[in-house]
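K.L.:
The structure under discussion is supplied below as structure tokens; questions concerning it will follow.
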Amino acid sequence: MIRLGILEGSLRRASLSRAVGRAVSGLAPTGMEAVILPGPGNLPLFNQDVLDEGMPDSVAALVDAVTAMDAVLIVTPEYNWSIPGALKNAIDWLSRVDPNPLARKAVAIWSVSPGLLGGARVHESLRQTLHSQDMLIMAKPEIQITGAKGKVDVVAGTITHPETETFLRGHLSSFAEFSSRWGRS
């Protein structure tokens, strides 16, 4: 069984990307369990002074949850052509733990946007950050859900566009194989 942790990039309750993240459990292949990780909105801004006083409980909960996962799927919007601040903050906190819970862990990125590019620009900067953590990135196919307002039911947390659902199911099957082959156990 592959335990897949879903790390959300948006804080917004009615976020398209959060809805897609919630849909993963219904799309995952047999042998893969999807778990929503503690949200990045509960974390304080990274500050070494805070860490020097002791690991905040919200950070410790995220560290424990990520450590228990075999792989991570980041589902995120793109903010200003890059990584949303809360998501980057979560990665910054995780990077300060020894041993690093992200190192040698398989990861994939799904970007979600109502626009025509589907959040494509977040992939490059996020991959660079994930490489710095020694994560094993499944780079192809890139997943950019374009025009997401017409493909996602935010309230139900489901994919309503059949072709998108089929594509995401296929990606998760490929990611399960990638995780089994290259990720740590």
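Just so it is clear, none of the values below were taken in a lab; they were calculated from the coordinates. Values in this document were obtained by computation on a predicted structure and should not be read as measured data.
K.L.:
Please compute the Cα-Cα pair-distance distribution of segment 1-70 with 10 Å bins starting at 0, giving whole percents from short to long.
P.N.:
Histogramming segment 1-70 at 10 Å steps yields 19, 41, 29, 9, 1 percent.
K.L.:
What angle do you read, to the nearest 10 degrees and between 0 and 90, between the alpha-carbon axis of helix 85-94 and the longest principal axis of the chain?
P.N.:
50
K.L.:
While we're looking at this one, here's another question. Under a cut-off of 19 Å between alpha-carbon atoms, report the lysines in cross-link reach of Lys151, not counting same-chain residues fewer than 8 places apart.
P.N.:
Correct list for Lys151: empty, as no lysines qualify.
K.L.:
Still on this structure: Nearest 10 degrees, 0 to 90: what angle lies between the long axis of helix 122-132 and the longest principal axis of the chain (Cα atoms)?
P.N.:
It works out to around 40 degrees.
K.L.:
Still on this structure: With the Cα gyration tensor of segment 49-99 giving a ≥ b ≥ c as the square roots of its eigenvalues, does the rule (a/c under 1.5 for rounded; else a/b larger than b/c for prolate; else oblate) give rounded, prolate or oblate?
P.N.:
Cα axes put segment 49-99 in the oblate bin.
K.L.:
When the Kirkwood radius is taken over all Cα pairs of segment 2-182, what Stokes-Einstein diffusion coefficient follows at 10 °C and 1.306 mPa s, in µm²/s?
P.N.:
It comes out at roughly 98 µm²/s.
K.L.:
Expressed in nm to one decimal, what extension gain is obtained for the pair Val50 and Lys149 from 0.36 nm per residue of sequence separation less their Cα-Cα distance?
P.N.:
Length gained, Val50 through Lys149: 31.7 nm.
K.L.:
Please state the shape class of segment 117-185: rounded when a/c is under 1.5, otherwise prolate if a/b exceeds b/c and oblate if not, all from the C-alpha gyration tensor.
P.N.:
Note, shape of segment 117-185 comes out oblate.
K.L.:
Over segment 58-185, what is the relative contact order in percent, taking alpha-carbon pairs closer than 8 angstrom and at least six residues apart?
P.N.:
Over segment 58-185, the number comes to 27 percent.
K.L.:
Okay, moving on. How tilted is helix 16-27 with respect to the longest principal axis of the chain? Cα atoms for both, answer in degrees (0 to 90, nearest 10).
P.N.:
Once rounded, the angle reads 80 degrees.
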